[in-house]
Amino acid sequence: MGILDFLTGEFIDVIHWVDDTRDTMVWRFEREGHAIKYGAKLTVREGQAAVFVHEGQIADVFGPGLYMLETNNMPILTTLQHWDHGFRSPFKSEIYFVNTTRFNDQKWGTKNPIITRDPEFGPVRLRAYGTYTMRVTDPGLFIREIVGTDGEFTADEISFQIRNIIVQEFSRMIASSRIPVLDMAANTADFGKLVATAIAPAVAAYGLSIPEFYVENISLPEEVEKVLDKRTSMGIAGDLNRYTQFNAAEALGNPATGAGAGFGAAVGAGMGAGMGMAVGGQIAGAQAGPWGSVSQPPAPPAPEKAWHIAEDGATKGPFGRAHLGRLAAEGGFSRDTLVWTAGQDGWKAAGEIPELAQLFTVMPPPPPPPAPKV
């Protein structure tokens with residue numbers, strides 16, 4: 001062995017990892033023969049964990065800090081090697097650095113529409129998408145269940161499986177929620193919390209967690225949205241006859257058809273106005289009654305109030321206004337009588353209520369003179 005080989009074997013190793021990729025979840029420390037020298041320095045930074053794998057079996061897991069790789073710092077590996085006393089010679093182990101920070105802005109979305117039953121529209125197909133955040137909470141379990149012997153593992157390699165779990169749970173929740181489609185936008189935050197809670201056990205089996213989950217949009221098929229837009233437009237337009245007349249008047253006031261546009265433009269405006277009036281007339285004719293006039297349904301009569309009377313600590317009624325008029329004529333109902341009806345703030349004297357006060361001001365005319373005796 002040459003002097004250079006000798007010096008290389010005597011130098012203390014410095015084992016660390018600096019990640020600048022932003023998507024690497026696991027990186028294996030490369031060393032020929034996986035030989036780690038006794039007393040080597042292991043640096044684990046914040047947001048990292050170091051996992052030692054010895055002969056295919058996970059040995060020790062180190063959190064953030066600076067470690068001297070000695071017998072007392074590696075209890076599991078020491079047990080596996082049956083070292084009863086301190087060792088001095090190099091040992092062979094694979095070291096995997098695991099990124100334990102959050103991996104943000106992970107995308108998810110429904111590949112196929114979700115069929116659900118809406119209380120207003122009936123069976124509908126929905127699509128949804130959003131983002132989520134994941135992080136490694138159990139580095140040893142993550143290495144064992146997902147990474148294996150992969151020397152460099154990125155977030156894209158696990159995100160597809162996470163998306164499948166998300167979409168499955170989201171589809172089940174939407175189909176059983178019974179929330180109307182038009183109200184789902186107001187419940188996306190609740191949907192996100194429910195989905196994150198539901199998928200937590202599944203992702204925990206991989207050594208992962210989902211700290212944040214967002215539902216950005218829930219949409220209907222494009223064809224259904226077009227029909228919904230037409231329905232909204234009809235509601236905004238209101239009276240079609242007045243809407244048509246308004247469009248015709250607006251066309252007359254358009255600068256492109258004004259006096260400066262010339263005689264031809266004015267004629268075109270007149271034709272457009274005439275067509276608009278004709279269409280408006282057709283619409284009005286469709287609504288016309290048997291005599292050619294627009295038939296408007298009569299206004300419904302105002303509901304008659306029911307009045308209660310308080311006398312000698314007891315209540316009577318309810319009575320209609322006509323019945324109270326007869327009582328007033330018979331002397332059983334006066335201005336000072338206390339009355340109450342639904343919506344009135346407490347009992348009031350009848351004379352203080354305008355519609356009842358009229359019952360006491362309407363007096364019959366004087367009787368006619370007696371007929372002369374023949």
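Since every read-out is calculated from the coordinates, none of them should be taken as a lab result. Predicted model only: the values in this text are computed from it and were never measured. Using ideal geometry, Cβ is built from the backbone for each residue, glycine included, and neighbour counts are taken over all protein chains shown.
Computed quantities for the displayed model
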{"item": "Simple Cβ-charge dipole of the stretch 103-223, Lys/Arg +1 and Asp/Glu -1, about Cα centre, in debye nearest 20", "result": "340"}
{"item": "Relative packing of 91-100, 339-348, 122-131, which averages over residues the other C-beta atoms within 10 Å, highest first", "result": "91-100, 122-131, 339-348"}
{"item": "Note, ³J(HN,Hα) from phi for the stretch 166-182, Karplus 6.51, -1.76, 1.60, rounded to Hz, x at Gly and Pro", "result": "5, 5, 4, 6, 5, 4, 5, 5, 5, 5, 9, 6, 6, 8, x, 4, 5"}
{"item": "Distance violations [Cα-Cα > 22 Å] among Lys107/Lys230; Lys107/Lys193; Lys41/Lys92; Lys305/Lys348", "result": "Lys107/Lys230"}
{"item": "Computed label-point distance, nm, for sites Ala314 and Lys348 using a 7 Å Cα→Cβ extension", "result": "2.7"}
{"item": "Cross-link reach list, aspartates and glutamates versus Lys226, counting only Cα pairs under 20 Å and skipping chain neighbours closer than eight places", "result": "Asp118, Glu120, Asp183"}
{"item": "Karplus-derived 3J(HN,Hα), 6.51/-1.76/1.60, for each residue of the stretch 94-111, Hz, glycine and proline x", "result": "8, 10, 10, 8, 10, 7, 9, 7, 7, 9, 8, 6, 7, 8, 9, x, 7, 6"}
{"item": "Neighbour-count order for Leu252, Leu66, Leu42, fewest beta carbons within 10 angstrom listed first", "result": "Leu66, Leu252, Leu42"}
{"item": "Neighbourhood net charge (10 Å Cβ-Cβ; Lys/Arg +1, Asp/Glu -1) for Thr131", "result": "-2"}
{"item": "Relative packing of 46-53, 180-187, 157-164, which averages over residues the other C-beta atoms within 10 Å, highest first", "result": "46-53, 157-164, 180-187"}
